[in-house]
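Here is the structure we will look at, set down as structure tokens.
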């Protein structure tokens with residue numbers, strides 16, 4: 001759908017990444033990947049990075065008084081993308097930083113795609129084991145690179161590192177996917193491992209880690225109240241938090257830290 005002229009003008013303002021605020025506003029920089037940009041909410045003001053007004057960073061900026069959002073998070077971002085394209089938005093005046101990153105580095109999307117295939121066509125366990133090895137052995141160093149830049153560029157900021165929820169509750173109700181119980185257990189365990197590594201690296205830099213696992217319990221894919229998309233159309237919406245996942249899952253975790 002093409003934007004009309006008024007929406008194009010609004011988009012141009014938003015794409016500057018700085019939302020107008022008073023001089024006394026606290027500068028909030030949202031870094032990271034699709035779990036921060038808002039992929040999965042199905043409405044975007046920036047289709048390239050899939051930034052959404054239903055994402056937890058935008059919601060926080062609207063609900064929290066005197067908060068100036070610098071929205072740098074972008075769908076598909078890896079640690080290298082955060083370093084190359086996002087951390088430059090941080091300044092010594094930054095008061096709040098949030099970040100989700102690591103899932104794309106570990107290739108979690110391709111792992112899920114592999115595990116969604118019928119068992120006879122899938123090498124799910126091989127892909128999961130490879131991702132786990134990467135998370136344990138390679139990702140910590142890449143997180144160090146990102147976290148050290150955040151610490152250096154925004155030394156006074158409250159930094160909240162957010163993890164990733166378990167996607168599955170033991171049932172696959174989506175046509176077109178063939179997750180069996182073992183697949184779902186392995187994928188949930190991989191999310192747990194990723195959260196453990198994120199937590200450890202965040203603590204090493206004095207950052208606050210917020211684990212979304214408990215918040216999303218009872219709201220996994222195929223639950224009666226899904227906060228996560230299953231297989232979707234378009235496919236890029238799949239396996240991401242929906243609008244409620246942002247507003248009721250992620251947003252309260254951040255507000256526990258920043259008020």
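Say we look at the range 199-244 and pick out the residues that are in contact with a strand residue (DSSP E or B) (Cβ under 6 Å, 6 or more places away or on another chain) and assigned to a helix (DSSP H, G or I); which of these is surrounded by the most Cβ atoms within 10 Å (Cβ to Cβ)? Here the answer is 202. So, residue 90, is that one buried (at least 22 other Cβ atoms within 10 Å of the Cβ) and over 16 Å from the mean Cα position of the chain (by Cα) or not? Taking the combined requirement at face value, the residue satisfies it. Here the range 8-45 is the region considered, the condition is being more than 13 Å from the chain's Cα centre (by Cα), on the phi < 0 side of the Ramachandran plot and modelled with pLDDT of 95 or more, and the residue that is surrounded by the fewest Cβ atoms within 10 Å (Cβ to Cβ) is 43. Scanning the range 164-182 for any residue that is surrounded by fewer than 22 Cβ atoms within 10 Å (Cβ to Cβ) and in a helix (DSSP H, G or I) turns up at least one such residue. Regarding the range 65-79, can at least one residue be identified that is touching a residue at least 60 places away in the same chain (Cβ under 8 Å), assigned to a helix (DSSP H, G or I) and within 26 Å of residue 234 (Cα to Cα)? Yes, because at least one residue in the range 65-79 is touching a residue at least 60 places away in the same chain (Cβ under 8 Å), assigned to a helix (DSSP H, G or I) and within 26 Å of residue 234 (Cα to Cα). When restricted to residues that are over 18 Å from residue 83 (Cβ atoms), buried (at least 19 other Cβ atoms within 10 Å of the Cβ) and either without any contact (Cβ under 8 Å) to a residue 24 or more places away in the chain or over 13 Å from the mean Cα position of the chain (by Cα) (or both), the range 94-113 contains 3.
The values are calculated or read from the model by the stated rules, or taken from the named source; none is laboratory data. Computed from a predicted structure; not experimentally measured. FYI the Cβ positions are ideal-geometry reconstructions off the backbone, even for glycines, and counts take in every protein chain you see.
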